[in-house]
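The structure appears below as structure tokens.
The values are calculated or read from the model by the stated rules, or taken from the named source; none is laboratory data. Just so it is clear, the structure is predicted and the values come from calculations on it, not from any experiment. Neighbour counts are summed over all protein chains in view; Cβ atoms, including those assigned to glycine, are modelled from backbone coordinates with ideal geometry. Please note that ligands, DNA and RNA were not included when accessible areas were found on the heavy atoms of the full protein model with its side chains. Shrake-Rupley method; radii C 1.70, N 1.55, O 1.52, S 1.80 Å.
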Amino acid sequence: MQKSFLVAFVALMLGLFPGSRAVAQYNNWAVGFRLGEPSGINVRKYFRDTKAFDLNVGSYGGLYGNTREYRQGRYRSIGLSVQGHYVWHNRLFGRDNLRGYYGLGGQVNRRRYYPDNLRGQQIDYIAEISLGGSAIAGLEYFVPDKPFSVFLESGLYVEVLPAPLFMNVQSGLGLRYNF
């Protein structure tokens with residue numbers, strides 16, 4: 001259901017707003033929101049024609065369910081995430097307003113971890129902080145004659161601390177105001 005909605009939304013946006021406008025006219029900063037994992041505020045700083053830095057600050061653990069097996073226990077809540085990527089982007093199909101991008105970066109999360117050995121205790125969780133690397137790839141569509149862009153992306157988070165090689169697929173859909 002969610003995948004169908006995402007595909008329909010992107011197709012609708014691409015169909016409603018055909019044409020081309022040079023992206024460089026307002027591509028210095030972009031601020032918006034991202035729904036997915038993580039969900040929250042998205043800020044992008046564009047450098048030159050093909051590079052950018054992307055920052056997401058928001059909730060972690062909600063899109064794919066807030067209960068997840070983790071180490072010798074589980075996550076049973078939604079946490080906070082800060083994610084940053086250095087991004088390379090290029091025009092697609094010769095159109096200035098459609099860009100493909102990919103990036104590498106890192107992520108810090110804070111979430112309640114419920115280890116099995118604390119079951120039945122008055123306080124049965126640990127406020128866990130995790131750190132790992134992440135990679136993304138996506139599409140960004142710049143609406144002609146408007147300072148907005150719509151993006152759809154997917155990626156992978158690989159934890160380094162405290163659970164090396166714990167992996168989580170991440171994806172998102174968002175809207176940015178470009179100025």
Worksheet item: Say we look at the stretch 124-179 and pick out the residues that are under 17 Å from Leu104 (Cα atoms) and free of Cβ contacts under 8 Å to residues at least 12 places away in the same chain; which of these is least open to solvent (accessible area, probe 1.4 Å)?
Response: Met167
Practice prompt. From the list Gln25, Gln72, Gln2, pick out the single residue that is touching a Pro at 6+ places or on another chain (Cβ under 8 Å), at pLDDT below 95 and surrounded by fewer than 15 Cβ atoms within 10 Å (Cβ to Cβ).
Written response: Gln72
Worksheet entry | Matching residues, the stretch 91-123, being open to solvent by 80 Å² or more (accessible area, probe 1.4 Å), of a type in the set (S, T, N, Q) and outside any loop (DSSP other than H, G, I, E, B) | Asn117
Worksheet item: Quick check: anything in the stretch 74-90 basic (Lys, Arg) and closer than 22 Å to Val160 by Cα?
Response: yes
Item to complete: Could you please find all residues in the stretch 42-54 being part of a strand (DSSP E or B), open to solvent by less than 60 Å² (accessible area, probe 1.4 Å) and of a type outside the set (D, E, K, R)?
Response: Asn42, Val43, Tyr46, Ala52
Practice prompt. State which residue pairs qualify: first residue closer than 30 Å to Ile78 by Cβ and among the hydrophobic types (A, V, I, L, M, F, W, C) and inside the stretch 91-110, second residue surrounded by 15 or more Cβ atoms within 10 Å (Cβ to Cβ) and at pLDDT 95 or above in any location, beta carbons under 7 Å apart, and separation of 6 or more residues or different chains.
Written response: Leu104/His85; Leu104/Ala135; Val108/Val82
